[in-house]
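Engineer: Input: one structure, supplied below.
The values are calculated or read from the model by the stated rules, or taken from the named source; none is laboratory data. Note that the coordinates shown come from a computational prediction; the quantities given were computed from them, not determined experimentally. Cβ placement follows ideal geometry from the backbone for every residue including glycine, while neighbour counts extend to all protein chains displayed.
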Amino acid sequence: MASIPESGLSPRNNKKCINCGSFGQSVARPVAASSEMKSAEGIIAAELKGLSIQERVTALDDLHCVGQGQEEDPEVIRTALEKFEEEVRNANHPAYNLAVRKQNPYVQDSEYRLRFLRGALFDVKKAVRQMLSLLQYQAEYFGVDALDRRIALSDLKEEEVRVMLNGMFHYPTQTDRNGRYVTYCFSNVFLAGIPAETMIRSCLYANSYFTSFPDLQKKGLVGVYMDIGEPDQSIQLGPRFFSWVFNLMKFMLCLPLKFSSSHYCINVGNSKNVAIHKSVIETFIKVLPSYARARTKLHYGSALEIRYSLQSHGIPMDTYPIDSNGNIRQDMIDSSCLKHYGIDASNYRGVKTPPNLDSNDAPTAVIPSIAASSQQNRSGHIVPLEPKLTDVLLGRGKPNQNHPGNIQLRAMIEECQEEYDAIGRLEKRQMIQNIKHACHSIGTRFLKQQGNKNTWVVANSSEADEKIRQHFRCARKKR
């Protein structure tokens with residue numbers, strides 16, 4: 001493996017510093033930072049040294065975004081799922097046993113299990129351990145009622161939603177040159193003295209989004225840790241701090257995420273933070289699985305230098321949520337949140353979350369930073385939503401009724417029709433609520449047209465109930 005040049009990682013060591021225009025400082029600061037991170041660099045080098053030549057080439061190809069993905073063998077998947085079922089039964093885990101007793105055994109779905117198998121590189125025993133550990137965390141932090149479904153936005157507290165909207169995760173909306181999703185984690189949020197419970201609950205919600213896409217499961221995720229802003233001044237580098245970091249990393253290891261490359265970026269103009277970042281990044285790298293550790297890179301320089309360094313590793317500039325001055329681009333954070341939370345923008349910053357927020361209480365429900373009240377932007381224009389394949393579209397006409405989400409809803413209702421016809425009014429109302437929440441758990445929204453036909457908004461809860469009730473009536477007439 002090529003060693004790191006003594007002149008640092010910047011390719012422009014003999015040119016003027018981008019920040020200040022001097023010749024010497026642009027060289028000295030990256031060298032000082034890389035010297036501080038020598039231990040972390042050594043861990044990565046040792047990992048690569050322990051690989052075979054072919055394994056090392058594959059790891060470095062993945063890191064530099066030139067790797068070739070492998071096609072999955074259906075027979076391997078079938079065999080792995082059979083072994084997975086056997087291992088789960090033998091484990092006799094209490095959280096899993098509670099989950100399978102539910103009406104909708106979400107944890108027995110092969111697609112749910114496949115995300116763990118892919119994340120563990122089809123190591124069946126590891127995949128089972130990850131799933132059981134995740135279920136244990138889910139039961140502990142959200143209760144046993146959350147064991148048979150995805151964690152929803154309405155499950156989160158106000159401060160947990162605020163943490164995400166302020167940039168703990170930049171939800172991946174774009175990919176690198178190899179088609180792998182890119183996500184960013186910002187140090188100013190991660191090191192803001194946030195309680196571990198808030199971090200873990202937020203991560204559990206993020207996991208339900210991150211790991212739901214087959215492309216992300218197969219190709220892996222590109223993770224970028226950015227040194228931004230100042231850490232909380234109350235942070236002390238002692239046993240308590242490292243216990244917090246280690247416990248958080250222990251939790252993250254149960255997430256079915258395969259990091260196809262990881263990038264830790266140190267802003268050399270932020271020298272006060274180097275000691276804390278050194279400790280955090282070293283802990284991260286030590287806890288990472290061997291596969292991810294061999295695909296890890298440390299970057300040093302100014303905000304602009306880091307930006308170009310990431311670009312050389314296949315990460316396009318248009319995915320980069322940091323401007324040339326090193327500040328977070330809040331417009332990109334808000335845009336990605338709007339898209340993936342399924343919430344429309346109106347007013348920004350400091351809006352409180354109503355208690356027991358239902359994802360179909362829009363357009364009056366709002367959350368911190370982003371409001372879904374009038375679905376208008378600051379100029380007073382309607383902000384349209386783009387229907388997803390899983391959404392249910394309200395309204396008449398064949399295009400709406402033939403939408404995949406509507407077809408899926410009708411199939412659910414047909415399965416429940418006999419039971420629905422045989423029960424009383426109160427039980428019918430409860431069944432409608434159960435179907436609605438089952439839709440929400442898989443990310444389905446109930447959308448209606450407002451104003452012109454090209455503008456979709458989220459229907460309120462009673463309108464969603466009426467849509468389900470209407471399907472039951474129509475299905476009864478056809479029988």
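Engineer: Report whether or not L121 is outside the structural domain of S133 (by TED's automatic domain parsing) and either under 19 Å from N207 (Cβ atoms) or in contact with a strand residue (DSSP E or B) (Cβ under 6 Å, 6 or more places away or on another chain) (or both).
Structural biologist: Values: outside the structural domain of S133 (by TED's automatic domain parsing): no; either under 19 Å from N207 (Cβ atoms) or in contact with a strand residue (DSSP E or B) (Cβ under 6 Å, 6 or more places away or on another chain) (or both): yes.
Judged against the criteria, L121 is not a match.
Engineer: Quick check on A59: is it small (G, A, S), farther than 30 Å from L310 by Cα, assigned to a helix (DSSP H, G or I) and not assigned by TED's automatic domain parsing to the domain that holds N178? Can you show your working first?
Structural biologist: Details: small (G, A, S): yes; farther than 30 Å from L310 by Cα: no; assigned to a helix (DSSP H, G or I): yes; not assigned by TED's automatic domain parsing to the domain that holds N178: yes.
Judged against the criteria, A59 is not a match.
Engineer: Here's a follow-up. In region 112-140, how many residues are out of contact with any His (no Cβ under 8 Å at 6 or more places or on another chain), closer than 13 Å to C254 by Cβ and surrounded by fewer than 18 Cβ atoms within 10 Å (Cβ to Cβ)?
Structural biologist: 3
Engineer: Wholly within region 391-479, which helices (runs of 4 or more DSSP H) include no fewer than the required count, namely at least 3 residues that are touching a helix residue (DSSP H, G or I) at 6+ places or on another chain (Cβ under 7 Å)?
Structural biologist: The helices (runs of 4 or more DSSP H) meeting that bar are 404-422, 425-441, 461-478.
Engineer: Now, a different point. Right, R129: of a type in the set (D, E, K, R), farther than 15 Å from D148 by Cα and not assigned by TED's automatic domain parsing to the domain that holds C254 or not? Show your work before the answer.
Structural biologist: Values: of a type in the set (D, E, K, R): yes; farther than 15 Å from D148 by Cα: yes; not assigned by TED's automatic domain parsing to the domain that holds C254: yes.
In short, yes.
Engineer: Here's a follow-up. Report, ordered by the first and then the second residue, all pairs with beta carbons closer than 7 Å, sequence separation of six or more or different chains, a first member in region 122-150 that is touching a residue at least 40 places away in the same chain (Cβ under 8 Å), and a second member that is of a type in the set (S, T, Y).
Structural biologist: L132/Y96; L135/Y96; D148/Y106; R149/Y106; R149/S441; R150/S208; R150/S441
Engineer: Looking only at residues that are within 18 Å of the chain's Cα centre (by Cα) and in a loop (DSSP other than H, G, I, E, B) in region 141-160, which one is surrounded by the fewest Cβ atoms within 10 Å (Cβ to Cβ)?
Structural biologist: So the residue we want is K157.
Engineer: Look through region 266-297, keep the residues that are touching an Asp or Glu at 6+ places or on another chain (Cβ under 6 Å) and at pLDDT 80 or above, and return whichever of them is surrounded by the fewest Cβ atoms within 10 Å (Cβ to Cβ).
Structural biologist: R293
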